[in-house]
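Each remark here refers to the structure printed beneath this line.
The values are calculated or read from the model by the stated rules, or taken from the named source; none is laboratory data. Just so it is clear, the model here is predicted, and its values are computed rather than measured. Cβ placement follows ideal geometry from the backbone for every residue including glycine, while neighbour counts extend to all protein chains displayed. All accessible areas refer to the heavy atoms of the entire protein, side chains included, with ligands and DNA or RNA removed. Shrake-Rupley method; radii C 1.70, N 1.55, O 1.52, S 1.80 Å.
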Amino acid sequence: MFKFSQIKKRNICIIGLMGSGKSMIGRDLSKYLKIKFFDTDKEIELLTKKSINAVFNQNGERYFREIEEKICMKLLNSKNCVISLGGGSIINKKIQKEIKKNSYSIYLKVKLSNLLTRLQTSKKRPLLNLNQNKKEILEKLFHDRRRYYEEADFIVNNNYDKLYVLEKIKTKLQNYEK
């Protein structure tokens, strides 16, 4: 079975834009590896006792990013777990540094047209609930974050079904066992 010592990292983190499947893939990967799973957005909701939308609406994005940084820094120092990071956490320099130091990072890359389809009816994405053009918002977010996402240790296209993506990730991780 996979051992973190083989990759000289403490954990695996999943990064990508909202709607890229980080939570779903991360949860299933953790079950496969038989290790803990953390979703930073869920951890923020547990800490604040509010939904992500409520945190944004009541306290603003700046407050959200401060809480996100604290949670991400704590989780990225954890061992033997899979962490699904919020899509925007990657723009934080401290978080970037901690990912490089402690995590094997996997970027779930998804075509913007697929993201738009997946997120069209979502009400849980505060950055998309601004009554603006969702396509333009996603394009801007992708433009602003792309270079950070592409620094990941492994990039996998998540335009396919979940099982295909999980098999790609498993195969990549199994290569470290040899």
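Quick one: in the stretch 136-146, which of the residues that are under 15 Å from the mean Cα position of the chain (by Cα) and over 19 Å from residue 117 (Cβ atoms) is most open to solvent (accessible area, probe 1.4 Å)? Step through it out loud before you land on a result.
Initially, the stretch 136-146 is screened for residues under 15 Å from the mean Cα position of the chain (by Cα), giving 141-142, 145-146.
Subset that is over 19 Å from residue 117 (Cβ atoms): 145-146.
Details: 145: 11, 146: 107 Å².
Restricting to residues being under 15 Å from the mean Cα position of the chain (by Cα) and over 19 Å from residue 117 (Cβ atoms), the top hit is 146.
Selection of the stretch 45-70 for residues being open to solvent by 60 Å² or more (accessible area, probe 1.4 Å), at pLDDT 90 or above and assigned to a helix (DSSP H, G or I) yields 46, 47, 58, 59, 62, 63, 66, 70. Against the numbered list (1) out of contact with any Leu (no Cβ under 8 Å at 6 or more places or on another chain); (2) surrounded by 17 or more Cβ atoms within 10 Å (Cβ to Cβ), residue 83 comes up short only at (1). Residues that are more than 26 Å from residue 134 (Cα to Cα), open to solvent by 70 Å² or more (accessible area, probe 1.4 Å) and out of contact with any helix residue (DSSP H, G or I) (no Cβ under 8 Å at 6 or more places or on another chain): does the stretch 35-43 have at least one? No, because not a single residue in the stretch 35-43 is more than 26 Å from residue 134 (Cα to Cα), open to solvent by 70 Å² or more (accessible area, probe 1.4 Å) and out of contact with any helix residue (DSSP H, G or I) (no Cβ under 8 Å at 6 or more places or on another chain). Checked against (1) modelled with pLDDT under 95; (2) surrounded by 14 or more Cβ atoms within 10 Å (Cβ to Cβ), residue 152 passes all but a single condition, namely (1).
Give the residue, chosen from 105, 89, that is closer than 15 Å to residue 154 by Cα, touching an Asp or Glu at 6+ places or on another chain (Cβ under 7 Å) and buried (at least 19 other Cβ atoms within 10 Å of the Cβ).
On the way: 89 fails: closer than 15 Å to residue 154 by Cα.
Just one listed residue meets the conditions, 105.
Selection over the stretch 13-30 of residues that are under 14 Å from residue 149 (Cα atoms) and outside any loop (DSSP other than H, G, I, E, B) gives a count of 4. Listed by first and then second residue, the pairs with beta-carbon distance under 6 Å, at least 6 apart or on different chains, first residue in the stretch 141-168 and within 16 Å of residue 12 (Cα to Cα), second in a helix (DSSP H, G or I) and of a type in the set (Asp, Glu), are 166/28.
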